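Here is the structure we will look at.
Every number in this text was worked out from the coordinates using simple rules, so none of it is lab data. No experiment lies behind these values; they were computed from the predicted model shown. When we count neighbours, we look across all protein chains shown, and the Cβ atoms used for this are built from the backbone with ideal geometry, even at glycine.
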Amino acid sequence: MKQHARAHLERHLAVRPVWRCRECAAAWPCPAAKLRLRAEYAHDRPGLAIYLCVLMHDAISDRLRIDPDGVDPAEYFRRFIGWTRSSGLCLTDTAMPIRSSRADTRA
Ligand SMILES: [Zn+2]
């Protein structure tokens with residue numbers, strides 16, 4: 001990544017407690033922040049997920065102080081961590097043999 005592009009992306013930081021980007025005002029992480037994070041953690045996706053998990057916890061704590069009824073955990077997960085998945089697969093996507101209830105009733 002070129003120096004000026006990196007400098008541009010480094011300005012896209014979260015403003016707390018609202019967790020909006022101080023540069024583009026989008027919900028953080030904004031697209032530019034995601035680009036920067038993907039580059040920084042290109043060889044450490046688990047590290048990126050752990051880092052964002054900590055930030056998600058901070059964002060939820062901030063939101064609970066501002067609006068105790070305004071937290072949707074699933075939305076926070078999608079916003080902070082969901083985008084880091086490269087394949088789109090999750091644990092429930094793994095193929096597991098499922099026995100049908102009809103098969104279970106056979107004697
Ligand atoms: Zn931004």
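Full extension of the chain segment joining residue 78 with residue 44 gains 10.3 nm, where the gain is 0.36 nm per residue of separation less the Cα-Cα distance. Taking label points 7 Å from Cα along the Cα-to-Cβ direction, residue 62 and residue 8 give a separation of 2.5 nm. Each label was represented as a point 7 Å from its Cα along the Cα-to-Cβ direction; for residue 69 and residue 26 these points are 3.1 nm apart.
In region 3-85, a dipole from Cβ-located charges (positive for Lys and Arg, negative for Asp and Glu) runs towards its positive end, and of 17, 70, 28 it is 28 whose Cα lies farthest in that direction. Here region 3-85 is treated with +1 on each Lys and Arg Cβ and -1 on each Asp and Glu Cβ, and its dipole about the Cα centre works out to around 300 debye.
For region 3-85, the square roots a ≥ b ≥ c of the C-alpha gyration tensor eigenvalues yield an a/c of 1.5 or more together with a/b not exceeding b/c, which makes the shape oblate.
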